[in-house]
Amino acid sequence: MRPTDPKQLASNKERTERGEAHAEHPVRAVVFVPILDVRPGRGAREGARGHAAGVPDRTPQARLEEAVGLAAAINLDIRASGVVPVPQPKPATLFGSGKVEELAGVVRMEEVELVIVDHPLSPVQQRNLETAWQAKVLDRTGLILEIFGERARTREGRLQVELAHLVYQKSRLVRSWTHLERQRGGFGFLGGPGETQIETDRRLLSERITKIQKELEHVRQTRALHRKSRQRVPYPAVALVGYTNAGKSTLFNTLTGAEVLAQDILFATLDPTIRALCLPNGSKAVLSDTVGFISDLPTTLVAAFRATLEEVQEADLILHIRDISDSATASQRADVNAVLADLGIHAEEEPDRVLEVWNKADLLDPAEFEHAKNEAVRHGAILVSAVSGQGLDTLLTEIETRLNTRRQTLDIVLQPQEGALSNWIYENCEVIARADLGDGATSLRIRVAPEKRDKLARVAGASRLQTAAE
């Protein structure tokens, strides 16, 4: 395989002509995407990643584009990229010996310092490939961790990323080559882990991991307190989830008027953001933007970000944002649902709680738009464009309808001396209308969550609560 092969490799020169800028003195890299089990009748995705039957395979070209996009997210100087068939994975190197030599030629020709293999590699495979290619090797997990290391901004985000890095790095403490040991790096992988005092390093890593886990437990408790305070307001919680670069942050900004970073790069958003959301008929909700999901999201990251993802677990309504213009949207949907399932949320079994929002309708041609509109109706999804604003009124109405389905609307009359009861209602229920009746009496129309209904009946008296007329 040569870097000038137009079917498999895209040169750095071609990307430069498309106007892609690189950081000053970026690390030179190549990207290889192994396609496992290429026997006739079996898709690469099924053979390589074990996806459920019926989910369309992500094409090798789509996987290559995503891998290059991941590498570009940390401004690597990508000299070449290509798809590499792997009929029989080898325990020692993943690739066969002939293919390892062939790829070594590409590495030498392009004079690269870093090779990205878009597939999980064992520590032994990584070490052997580094020896064969005389270049640093990052697998898919390591690359995603490197991106997250650059994206984290808050103390909580950096703690979670560091924990995932350390857990991953602990398994990689092997004796191997070190000729790039002085090279600058990102969070810790591009510069190399070192090879001396391995046992001491392993002990120090374990101690640091334990310390971070304790700090994150404190973060989790703090987040729990924050959620309790929001529940007392109380406004229902809505969480945005979706594949990375599906347009979640753009939609979040459009709906709330916030200024969350929204760029056409993978993992532009890492740290969660929460804002108030005003709904059409005066209701309010709390909307949270979360980290984008991706296929084969490292288990270390899922575990490390559990404190953040609890915002999703506790949400009353989850908006699954999909890039409907992406040819791999069906596969991306399966990937997101798989991560949600890891969090205990089964989208197919909770259709009232998980609403699909098909974004980027502005990128569809007229025929594609009509087809998507009909399919959205058939699947109970909402077709929108966060950029043009198309469909957002329908989305807000649907959000309000779904949130209010579980919340009962009641009328109650309060006397002037019932200040304590009035305070309790304002702290625990959503007051949607108020009218003065004279003599100090007040009529309130309120919405109450199911878990607060019995408490309200006890403190106010069940006989005073009247179901509001529609």
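The values are calculated or read from the model by the stated rules, or taken from the named source; none is laboratory data. Because the structure is a prediction, the values reported are computed rather than measured. Note that we place each Cβ from the backbone using ideal geometry, even for glycine, and neighbour counts take in every protein chain shown.
Below, the figures for the structure above:
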read-out: Cβ pairs under 6 Å, 6+ apart, first in segment 294-318 and under 18 Å from His346 (Cα atoms), second among the hydroxyl-bearing types (Ser, Thr, Tyr) and at pLDDT 80 or above; value: Ile294/Thr244; Glu311/Ser288
read-out: Given (1) in contact with a helix residue (DSSP H, G or I) (Cβ under 9 Å, 6 or more places away or on another chain); (2) farther than 22 Å from Pro60 by Cβ, index of the condition Ser122 fails; value: (1)
read-out: Some residue of segment 427-448 being out of contact with any Leu (no Cβ under 8 Å at 6 or more places or on another chain) and part of a helix (DSSP H, G or I); value: yes
read-out: Among (1) at pLDDT below 90; (2) of a type outside the set (Ser, Thr, Tyr); (3) surrounded by 11 or more Cβ atoms within 10 Å (Cβ to Cβ); (4) farther than 25 Å from Cys278 by Cα - the single one Asp439 does not satisfy; value: (3)
read-out: Residues of segment 403-418 satisfying the condition of being surrounded by 16 or more Cβ atoms within 10 Å (Cβ to Cβ) and assigned to a loop (DSSP other than H, G, I, E, B); value: Arg407, Glu418
read-out: Single condition Ser325 does not satisfy, out of (1) assigned to a helix (DSSP H, G or I); (2) over 30 Å from Arg447 (Cβ atoms); (3) out of contact with any strand residue (DSSP E or B) (no Cβ under 8 Å at 6 or more places or on another chain); value: (1)
read-out: Index of the failed condition, Glu400 passing every other in (1) outside the structural domain of Val286 (by TED's automatic domain parsing); (2) under 30 Å from Ile318 (Cβ atoms); (3) surrounded by 11 or more Cβ atoms within 10 Å (Cβ to Cβ); value: (1)
read-out: Matching option when the condition is under 24 Å from Ser249 (Cβ atoms), surrounded by 14 or more Cβ atoms within 10 Å (Cβ to Cβ) and over 15 Å from the mean Cα position of the chain (by Cα), among Ala376, Ala334; value: Ala376
read-out: Scan of segment 350-397 for residues that are under 20 Å from Ala239 (Cβ atoms) and of a type in the set (Asp, Glu), ordered by number; value: Glu350, Asp352, Glu356
read-out: From the options Ala92, Ala104, Ala132, residue that is outside any helix (DSSP H, G or I), touching a helix residue (DSSP H, G or I) at 6+ places or on another chain (Cβ under 6 Å), hydrophobic (A, V, I, L, M, F, W, C) and on the phi < 0 side of the Ramachandran plot; value: Ala92
read-out: Residue pairs meeting the criteria (Cβ under 7 Å; at least 6 apart or on separate chains; first free of Cβ contacts under 8 Å to residues at least 60 places away in the same chain, in segment 127-142; second in a helix (DSSP H, G or I) and of a type in the set (S, T, N, Q)); value: Val137/Gln126; Asp139/Gln126
read-out: Only listed residue being within 30 Å of Thr244 (Cβ to Cβ), surrounded by fewer than 20 Cβ atoms within 10 Å (Cβ to Cβ) and either modelled with pLDDT under 90 or assigned by TED's automatic domain parsing to the domain that holds Ala462 (or both), chosen from Glu348, Glu427; value: Glu348
read-out: Where Glu370 falls short, out of the listed (1) free of Cβ contacts under 8 Å to residues at least 40 places away in the same chain; (2) surrounded by fewer than 13 Cβ atoms within 10 Å (Cβ to Cβ); (3) part of a loop (DSSP other than H, G, I, E, B); value: (3)
read-out: Selection within segment 107-129 - within 27 Å of the chain's Cα centre (by Cα) and assigned to a helix (DSSP H, G or I); value: Pro123, Gln126
read-out: Qualifying residues in segment 381-397 (those that are more than 12 Å from Leu251 (Cβ to Cβ) and of a type in the set (A, V, I, L, M)) - the one surrounded by the most Cβ atoms within 10 Å (Cβ to Cβ); value: Leu383
read-out: Any hit, segment 450-462, residues being touching a residue at least 24 places away in the same chain (Cβ under 8 Å), in contact with a Leu (Cβ under 6 Å, 6 or more places away or on another chain) and under 30 Å from Lys248 (Cα atoms); value: no
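One line per residue, one yes/no per condition, for (1) buried (at least 20 other Cβ atoms within 10 Å of the Cβ); (2) among the basic types (Lys, Arg); (3) at pLDDT below 75:
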residue	(1), (2), (3)
Glu102	no, no, no
Gly105	no, no, no
Met109	no, no, no
Pro120	no, no, no
Arg127	no, yes, no
Leu143	yes, no, no
Val161	yes, no, no
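Conditions tested, residue by residue: (1) over 13 Å from the mean Cα position of the chain (by Cα); (2) at pLDDT 85 or above; (3) not in a strand (DSSP E or B).
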site: Gly282; (1), (2), (3): yes, no, yes
site: Val291; (1), (2), (3): no, no, yes
site: Asp296; (1), (2), (3): no, no, yes
site: Asp352; (1), (2), (3): yes, yes, yes
